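Each reported figure results from applying straightforward, stated rules to the coordinates on display, with no laboratory input. If you're wondering where the values come from, they're calculated on a predicted model, not measured in any experiment. Backbone-built Cβ (ideal geometry, glycine too); neighbour counts: all protein chains shown.
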Amino acid sequence: MDTIKVLVVDDEIGIRLSIARILKKMVIASPEEGREVHFEVEQAETGEQALQLIRESPPEILLLDNKLPGISGFEVLAEVATMNLGINTVMITAYASIENAIHAARQGAYDMLPKPFTPVELRRMLEKVTNHVITARRARELAAEKKRVRFQFISVLAHELQVPINAIENYLRVMRDRTLGDDMKSYDAYLERCLIRSEYMRKMISDLLDLTRIESGERARTLEKCNLTEATRLAMDALAAEAAQRNIKMTLDTRRISMYADHTEIEIILNNLISNAIKYNRDAGKVKIALFKSGDEIKIQVSDTGIGMSAEDCARIFDDFVRIKNTRTTKILGSGLGLSTVKKIALLYHGSVSVESIPDEGTTFTVILKDQGADNDISS
């Protein structure tokens, strides 16, 4: 339930009480489905009293009569405008001329309701201004949430980059100070660690760029006929050396499958899934890639015989910067952005991504994509 505070300003007590009575009984459907809007009403009989109440506790809707003892409604409106409180003012006046309407609009009034008005007319006006208030509220909430997420994102990114930078600096100081003596071969292991850490940062920056380009929509997408089978083989070839170092066998189970897609997006999906299947596998393990197409739906499955994950880890693995941390993954470097990027790409194709895993047995990732040229049957 949403509640909107309304301040009714009129020197005629009968009008104030009538409006208050109507509003207290009024319930308006919110623009958000399943929510209702109720009204909390305050009253003022002079402009001076109204301004005092506004300063103490601003309303979101101000029903303001123009003809008031002391300062006029237009003077109150002008003062409210300087406060920049986002109050939606509806002038209620028996002098609803074009000139007054223009003057009120220039002073920042939302609308004007001529006197005398019926409960139905009041309700129509309240429905209109309420929708405006709720929309503005949600916009502010989204802006605040965006700011919070941005701060959290940058904080996590700074932490993730600081760790390898600190490590590299420490390794370099050891070499600079000749801690192990003057024989440079003694420092080969430190140089190798520096390269590994710098590669980790390069991968994080690359993944971050992929993620932000996809989320922002600024990256130009080119949808064209894409041979998914061939793209998978290319991804496997690119990672073959890494797999061979640990005697991991990769297999592809598919017929020729094509779809209309962006080649780069497909490469990102395949590279992330296959790379993870190798990294989190056991030595002499297996990686199986399978492709399926049914109508306009394409399914990409990548299975491994690796260390697996708990149900709790599976539930959060597609969030930004999430990496599974335990005694078996401490030496495995990753940005924590790859799978979240895969999920966001899948959503671009009206698809989904899911994971099934058994600790110490293996993991299967499944990505479902909708062919972006489904009217053309390009599979064979």
### Task
Under a cut-off of 14 Å between alpha-carbon atoms, report the aspartates and glutamates in cross-link reach of residue 286, not counting same-chain residues fewer than 8 places apart.
242, 253, 304, 360, 361
### Message
Once you keep just the Cα pairs under 8 angstrom separated by 6 or more residues, what percentage relative contact order results for the range 2-144?
### Response
22 percent
### Query
Reachable lysines from residue 25, Cα under 28 Å, same-chain residues fewer than 8 places away excluded?
5, 67, 115, 128
#### Entry: Cβ-based exposure ranking for 89, 264, 305, 251, in which fewest neighbours within 10 Å come first
251, 264, 305, 89
### Within-12-Å neighbourhood charge of residue 87 [Cβ basis; K, R +1; D, E -1]
0
## Note on the structure
Only helices counted: for the chain, with every DSSP H run of 4 or more residues adding -39500 (n - 2.57) and the sum spread over all residues, [θ] at 222 nm is -16000 deg cm²/dmol
### Summary
The long-range amide H neighbours of residue 287, using H built 1.01 Å from N in the peptide plane and a cut-off of under 5 Å, are 249, 250, 251
### Query
Over 22 Å between Cα atoms, which of 146/343; 288/343; 225/299; 203/249 qualify?
203/249
### Query
For 296, 183, what ranking results if the residue with the fewest other Cβ atoms within 10 Å of its Cβ goes first?
183, 296
### Task
Before anything else, pin down the relative contact order of the chain: Cα pairs under 8 Å, at least 6 apart, normalised by residue count, whole percent.
11 percent
### Task
Please turn the phi angles of the range 111-116 into ³J(HN,Hα) values with the Karplus equation 6.51 cos²θ - 1.76 cosθ + 1.60 (θ = phi - 60°), one per residue in order, whole Hz, x for glycine and proline.
6, 9, 10, x, 8, x
### Task
First select every other residue whose beta carbon is under 14 angstrom from the beta carbon of residue 169; then total the charges, Lys and Arg +1, Asp and Glu -1.
+3
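Can you sort 93, 82 by how many other beta carbons sit within 10 Å, fewest first?
On the way: 93 20, 82 8.
Ascending Cβ contact count within 10 Å gives the list 82, 93.
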### In sequence order, calculated HN-Hα J values of the range 223-233 (Karplus, 6.51, -1.76, 1.60; Hz; x Gly/Pro)
8, 8, 5, 10, 7, 5, 4, 5, 4, 5, 4
### Query
Can you work out ³J(HN,Hα) from phi for every residue in the range 128-141, in order, using Karplus 6.51 cos²θ - 1.76 cosθ + 1.60 and θ = phi - 60°, giving whole Hz and x for Gly and Pro?
5, 6, 5, 4, 5, 5, 5, 4, 5, 4, 5, 4, 5, 5
### Query
Put +1 on the Cβ of every Lys and Arg and -1 on every Asp and Glu Cβ in the chain; which of 314, 13, 232 then has its Cα farthest towards the positive end of the dipole?
232
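All other residues with a Cβ under 12 Å from the Cβ of residue 254 taken together, and with Lys, Arg as +1 and Asp, Glu as -1, what is their net charge?
Details: positive: 233, 255, 256, 288, 293, 299; negative: 230, 253.
Residues near residue 254 contribute +4 overall.
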### Task
Would you pull out the residues with amide H under 5 Å of residue 260's amide H, same chain only if 5 or more places away, H placed 1.01 Å from N?
226, 372, 373
